[in-house]
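Below: one structure, written as structure tokens.
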Amino acid sequence: MSAVDKDAVAEALEQIAALLELKGENAFRVRAFRGAARAVGSLAGTVAAALTDGSLAAAKGIGPATLQVVQELVASGGSTMLDELRGQVPPGLVEMLQLPGLGVSKVRQIQETLHIETIAELEAAARDGSLAALPRFGARTATNVLASIDFLRRSSAYTLCHHAAAEAAALAAVLAALPGVDRVVITGDVRRRMEVAQGLSLVVIGDVPPAEFFKRLASIPGIVEFSGHDERRVTLRHGGGSLAQVIVTTPANGGAVLVRATGSESHIAALEAHARSVGHALDGAALWHGSTFVPTADEATFYRALGLAEIPPELREGDGEIAAAATGVLPALVTRADLRGFLHCHSSWSDGTTGIEEMALACRAAGYAYVGLTDHSQAAAYAGGLKPDALARQADEIDALNARLEGVRILKGIEADILADGALDYPAAVLDRLDFVIGSVHSRFQMGREEMTTRMLRALDDPHLTIVGHPTGRLLLAREGYAVDLDALIEKAGAVGAAIEINADPHRLDLDWRTLRKARAAGLTIAIGADAHDVGGIGNMEWGVGIARKGWLTAADILNTRTAEDFLAFAKARRGR
């Protein structure tokens, strides 16, 4: 059974395209693999299902050669073509492609002119001036390269949470099928909904002897490395590429093991201290009262034995949750079922791949009562941004759909660029015709902290701005956020009655959960926006809800838990201030 998800397949196809381009292969072949990567990434279901029912073979962008590579990836977890290309291209060049601002043409220029093939050599060239001396580079590019190398080194040990979750789910399915296993629980960073994960952690609960279980585990196809074996734990590497720790426990001790395998180091340390204060000990992976073992069949039983309310996994970060659980003041965290409105989505009118009706019907099927459509504004020409006349024609289509569709309402919105001077990307007369506006920064990321803060605060002076979109502009493991004073942004948004977004695209998850605690304390309204560009993006909301929960947010804190009428009243009140 393969443990390769659609994101891993799409990434492998992108790597093949990049390696072919680095080798100077023909541009048509390169484009074919890039197109296949997009086709796979936009699938609504799994790659395996799309292969079985023939929908992938029929998809635009998939040809016989790329289909064969996908089939091999799904069947074996690897690609012969990718392995061969990796052997033909210096690995350092592939690493360089991960640095923002260094596309294939620049990497080839660096290799051919400076004969550089490793990140270390590139770093030296950026420091000694030889990189800056290249045509189309300069001192600023060299400085940015150094910052990007530092960021790459710090982030290379991590995986985006949705990729890690997909890998973990595939591995969990394999483990659950083994004899003697009652259930498998994904724990660690993924279960706590961290934005990035450092390895995988899974707990296997059952009466199977660990030694026998590990023997069976070692023989599973797709497990490429097996180490770190002790009495109840083993570390392995499987087809998805991540290291995974697998812990085996009996049902009687399942609660204690799950708590320890899920919580951060700070949470466990605080929990151990609390246990001692109430006459217990969390010793190893079991709970004790003196020398007596305390059975904990589940986590609720474990926390109850220590006089605590059960702490949701997302809050187990060692940041006051134990005191809150002891005094009964843990918040009732928002859930996906609380969301009534689906916000921040792009259609084929700009850079989305889905028509408005198809997106609305898919959102209705997912349980949403309304959809806030927000295609890109005119300044985003690279993303097919809408000119005012196109926006007017789109409004006519929305009116016609709302007159015809039942069970879902489409709201007229826009993701308006916040321009360099803080103005929104349309005059007031255009914005007046919309139900709501998301304002986002998509350019001039290198502004200084003071200048960027002034830019965003000025945007909030415009009463049309309902929601500040992805407020730091970060791309996890790819680009750090721009410099902005978030305290000032939160204060200003609260003062003028605007909301700030949790952008639920798992590549962003911006606003950060650590800042959300502060935003909640300030009484700020938070919107969860999917930033969906196709039907598959509807699932992004799950990741946004996870970040909201990590920020201790309740349903009352979230704008799109409100009805459509109350959402529109919020936007109207903002304009009336």
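The values are calculated or read from the model by the stated rules, or taken from the named source; none is laboratory data. Everything numeric in this text was worked out from a predicted model, so none of it was measured. All Cβ positions, even for glycine, are placed from backbone atoms using ideal geometry, and neighbour counts span all protein chains on display. Remember, those area values only see protein heavy atoms, side chains included, never the ligands or the DNA or RNA. Shrake-Rupley method; radii C 1.70, N 1.55, O 1.52, S 1.80 Å.
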Counting Lys and Arg as +1 and Asp and Glu as -1, what is the net charge of the other residues whose Cβ lies under 12 Å from the Cβ of residue 313?
-> 0
For region 9-149, calculate the relative contact order in percent as a whole number, restricting contacts to Cα pairs under 8 Å that are 6 or more residues apart.
-> 19
Just how large is the dipole of the chain about the Cα centre, in debye to the nearest 20, putting +1 at every Lys and Arg Cβ and -1 at every Asp and Glu Cβ?
-> 300
Within region 130-170, list the trypsin sites (Lys or Arg not before Pro) lying in a DSSP loop whose Cβ has at most 15 other Cβ atoms in a 10 Å radius.
-> 136
Between residue 395 and residue 475, how many nm apart are label points set 7 Å from Cα along the C-beta direction?
-> 3.3
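Length gain on complete extension for the stretch residue 94 to residue 521, per 0.36 nm per residue less the alpha carbon to alpha carbon distance?
Going from the current span to full extension adds 149.3 nm.
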Over region 511-557, relative contact order from alpha-carbon pairs under 8 Å, at least 6 apart, % | 53
Subtracting the Cα-Cα distance of residue 130 and residue 231 from 0.36 nm times their residue separation yields 30.9 nm
Going out from 0 in 10 Å bins, what whole percent of all Cα-Cα distances in region 338-443 drops into each bin?
-> 16, 49, 29, 7, 0
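Based on the Cβ-Cβ distance from residue 432 to residue 403, what FRET efficiency comes out when R0 is 22 Å, to the nearest 0.05?
Values: r = 22 Å, r/R0 = 1.00.
Efficiency for this residue pair is about 0.50.
So if R0 is 51 Å, what FRET efficiency would residue 366 and residue 139 give, r being the distance between their Cβ atoms, rounded to the nearest 0.05?
After rounding, the FRET efficiency stands at 0.55.
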Mind listing the long-range amide H neighbours of residue 298? Cut-off is under 5 Å, sequence gap 5 or more, other chains count too, H placed in the peptide plane at 1.01 Å from N.
-> 255
State, to one decimal in nm, how far the label point of residue 44 lies from the label point of residue 488, with both points 7 Å from Cα in the Cβ direction.
-> 4.6
Among beta bridges assigned by DSSP with both residues in the chain, the antiparallel ones amount in percent, to the nearest 5, to 40
Using a 1.4 Å probe over the heavy atoms of the protein chains, calculate the carbon and sulfur portion of the accessible area of the chain as a whole percent.
-> 53
Sorted by chain and number, the residues with a modelled amide H under 5 Å from that of residue 377, at a separation of 5 or more or across chains, are 386, 415, 417
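Using the Cβ atoms and a cut-off under 9 Å, what net charge is assigned to the surroundings of residue 455, where Lys and Arg are +1 and Asp and Glu are -1?
0
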Counting only heavy atoms of protein chains, what accessible area per residue, in Å², does region 433-571 have with a probe of 1.4 Å?
-> 33
Distance between modelled label sites at residue 86 and residue 118, nm, 7 Å Cα→Cβ extension = 1.9
Karplus 3J(HN,Hα) series, Hz, for region 380-387 with 6.51 cos²θ - 1.76 cosθ + 1.60 (x for Gly, Pro) = 7, 4, 5, 10, x, x, 8, 6
In order through region 108-121: 3J(HN,Hα) via Karplus (6.51 cos²θ - 1.76 cosθ + 1.60), integer Hz, x for Gly, Pro | 5, 4, 4, 5, 6, 8, 9, 6, 9, 9, 9, 5, 4, 5
Quick one, which of (1) 1.23; (2) 0.98; (3) 1.09 is the actual Rg/Rh (Cα atoms, Kirkwood Rh) calculated for this model?
-> (2)
With a 1.4 Å probe and every protein chain left in place, work out the accessible area per residue of region 244-373 in Å², rounded to a whole number.
-> 38
Alpha carbon centre of region 378-411 versus region 166-221: separation in Å?
-> 45
Could you calculate the contour length gain from residue 146 to residue 566, that is, 0.36 nm times the residue separation minus the distance between their Cα atoms, to one decimal place in nm?
-> 146.4 nm
Calculated from DSSP helices alone, with each H run of at least 4 adding -39500 (n - 2.57) and the total divided by the residues of the chain, [θ]222 nm to the nearest 500 comes to -13500 deg cm²/dmol
Relative contact order of the chain (C-alpha contacts under 8 Å, at least 6 apart) in percent is 10
Where Lys and Arg each count +1 and Asp and Glu each count -1, what net charge lies around residue 566 among other residues with Cβ under 12 Å from its Cβ?
-> +2
Table column - 3J(HN,Hα) (Hz), region 356-362, Karplus curve with 6.51, -1.76, 1.60, x for Gly and Pro | 4, 4, 4, 5, 4, 5, 5
Distance between Cα centroids, region 456-521 to region 77-95: provide it in whole Å.
-> 39
Give the long-range amide H neighbours of residue 554: residues separated by 5 or more places, or on another chain, with amide H under 5 Å away, using H modelled in the peptide plane at 1.01 Å from N.
-> 334
Counting other Cβ atoms within 10 Å, which trypsin sites (Lys or Arg not before Pro) in region 405-482 have at most 15 and lie in a DSSP loop?
-> 433, 444
Quick one: work out the % antiparallel among DSSP beta bridges in region 327-445, nearest 5.
-> 5
